[in-house]
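Undergrad: Dropping a structure here in structure tokens format, bear with me for questions.
The values are calculated or read from the model by the stated rules, or taken from the named source; none is laboratory data. Fair warning: this is a prediction, and the values are worked out from it, not measured in the lab. Neighbour counts run over all protein chains shown; Cβ positions are idealised from the backbone, glycine included. Only protein heavy atoms, including side chains, enter the accessible area calculation; ligands, DNA and RNA are left aside. Shrake-Rupley method; radii C 1.70, N 1.55, O 1.52, S 1.80 Å.
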Amino acid sequence: ELKVEQNPLFLSMQEGKNYTIYCNYSTTSDRLYWYRQDPGKSLESLFVLLSNGAVKQEGRLMASLDTKARLSTLHITAAVHDLSATYFCAVDMGLMDSNYQLIWGAGTKLIIKP
Amino acid sequence: KAGVTQTPRYLIKTRGQQVTLSCSPISGHRSVSWYQQTPGQGLQFLFEYFSETQRNKGNFPGRFSGRQFSNSRSEMNVSTLELGDSALYLCASRRWRGGYNEQFFGPGTRLTVL
């Protein structure tokens, strides 16, 4: 069974601290996506990781992908309150345009306290 | 460029009724996926339509159905509503970028079943 596991599922941290969210998946894929969702809102695309060793950074967020370990990480540097949200990873199992299968993690609810 | 639009944004129905939700994808995108999001079950895949054909379906009862029109707009229908159908229903528009899927979510329809 295809599985995508995120941990932790809930994270409360202080502003200014660093932390990492982990996304493990159970089968081979080299396409992984990170999304952000604010409470009551839709999902916003953050990063698309397309190959082993891929690293993407946007502000205080950095995502990486290790396809051999089937692991992606989302690292938060010097957290600020505005980063409070739920973060989802999703693994794309499709091989082409007509074959699309996205497997989602359960999401990590991140609360950053002042 | 217009994003994904969903109508209505909010809906209140009573048990036993039926409801139709609409999604207009980004121009040029042929794929539309539907998701149900609840606090208890998280983000769950309902189905995907590509060029008017349903290609993938999640584990939902037959009360949930959908269709896609020639202009790629999609509708989702839920018949005989149950209290547990109360959720945020998200639509996602997708296109193949020659190596990965680029997916954008609409703002969602918040359905409340009383």
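Undergrad: Going by what's in this entry, would A:Lys17 be described as away from chain B (no Cβ under 11 Å), open to solvent by 40 Å² or more (accessible area, probe 1.4 Å), out of contact with any strand residue (DSSP E or B) (no Cβ under 9 Å at 6 or more places or on another chain) and not in a strand (DSSP E or B)? Quick ask: steps written out before the conclusion?
TA: Values: away from chain B (no Cβ under 11 Å): yes; open to solvent by 40 Å² or more (accessible area, probe 1.4 Å): yes; out of contact with any strand residue (DSSP E or B) (no Cβ under 9 Å at 6 or more places or on another chain): no; not in a strand (DSSP E or B): yes.
So A:Lys17 fails the test.
Undergrad: Would you confirm whether any residue within region B:25-32 is in contact with a strand residue (DSSP E or B) (Cβ under 7 Å, 6 or more places away or on another chain), farther than 18 Å from B:Asn101 by Cα and at pLDDT 90 or above?
TA: The first filter runs over region B:25-32 and keeps only residues in contact with a strand residue (DSSP E or B) (Cβ under 7 Å, 6 or more places away or on another chain), leaving B:25-26, B:28-32.
Next, only the ones that are farther than 18 Å from B:Asn101 by Cα stay: none.
Among the residues of region B:25-32, not one is in contact with a strand residue (DSSP E or B) (Cβ under 7 Å, 6 or more places away or on another chain), farther than 18 Å from B:Asn101 by Cα and at pLDDT 90 or above, which makes the answer no.
Undergrad: Moving on. Being at pLDDT 95 or above, over 22 Å from B:Phe45 (Cβ atoms) and surrounded by 13 or more Cβ atoms within 10 Å (Cβ to Cβ) is true for just one of A:Leu9, A:Leu61, A:Leu46, A:Leu74. Which residue is that? I'd like the intermediate steps shown before the answer.
TA: Working: A:Leu9 fails: over 22 Å from B:Phe45 (Cβ atoms); A:Leu46 fails: over 22 Å from B:Phe45 (Cβ atoms); A:Leu74 fails: over 22 Å from B:Phe45 (Cβ atoms).
It is A:Leu61.
Undergrad: Now for a different question. Within region B:36-53, how many residues turn out to be open to solvent by 20 Å² or more (accessible area, probe 1.4 Å) and of a type in the set (Phe, Trp, Tyr)?
TA: 2
Undergrad: Quick check on my filter: what residues within region B:33-82 are under 20 Å from B:Arg110 (Cα atoms), within 11 Å of chain A (Cβ to nearest Cβ) and either modelled with pLDDT of 95 or more or in a strand (DSSP E or B) (or both)?
TA: B:Ser33, B:Tyr35, B:Gln37, B:Gly42, B:Leu43, B:Gln44, B:Phe45, B:Glu48
Undergrad: Return yes or no: is B:Glu102 open to solvent by less than 50 Å² (accessible area, probe 1.4 Å), without any contact (Cβ under 8 Å) to a residue 60 or more places away in the chain, assigned to a strand (DSSP E or B) and within 9 Å of chain A (Cβ to nearest Cβ)?
TA: So B:Glu102 passes the test.
Undergrad: Moving on to the next point. Being within 14 Å of chain B (Cβ to nearest Cβ), free of Cβ contacts under 8 Å to residues at least 60 places away in the same chain and outside any strand (DSSP E or B) is true for just one of A:Ser29, A:Ser51, A:Ser45. Which residue is that?
TA: A:Ser51
Undergrad: Considering only residues of region B:15-32 that are within 13 Å of B:Leu111 (Cα to Cα) and in a strand (DSSP E or B), which is most open to solvent (accessible area, probe 1.4 Å)? First the steps, then the outcome.
TA: Step one: list which residues in region B:15-32 are within 13 Å of B:Leu111 (Cα to Cα), which gives B:15, B:17-22.
When the remaining residues are screened for being in a strand (DSSP E or B), the result is B:19-22.
On the way: B:Val19: 4, B:Thr20: 64, B:Leu21: 0, B:Ser22: 19 Å².
It comes out as B:Thr20.
Undergrad: Among the residues that make up region B:5-14, is at least one of them away from chain A (no Cβ under 12 Å), at pLDDT 95 or above, open to solvent by 70 Å² or more (accessible area, probe 1.4 Å) and at positive phi?
TA: no
Undergrad: For region A:53-83, which positions are of a type in the set (A, V, I, L, M, F, W, C) and within 15 Å of the chain's Cα centre (by Cα)? Steps first, please.
TA: Going through region A:53-83, the residues of a type in the set (A, V, I, L, M, F, W, C) turn out to be A:54-55, A:61-63, A:65, A:69, A:71, A:74, A:76, A:78-80, A:83.
Matches in region A:53-83: A:Ala54, A:Val55, A:Leu61, A:Met62, A:Ala63, A:Leu65, A:Leu71, A:Leu74, A:Ile76, A:Leu83.
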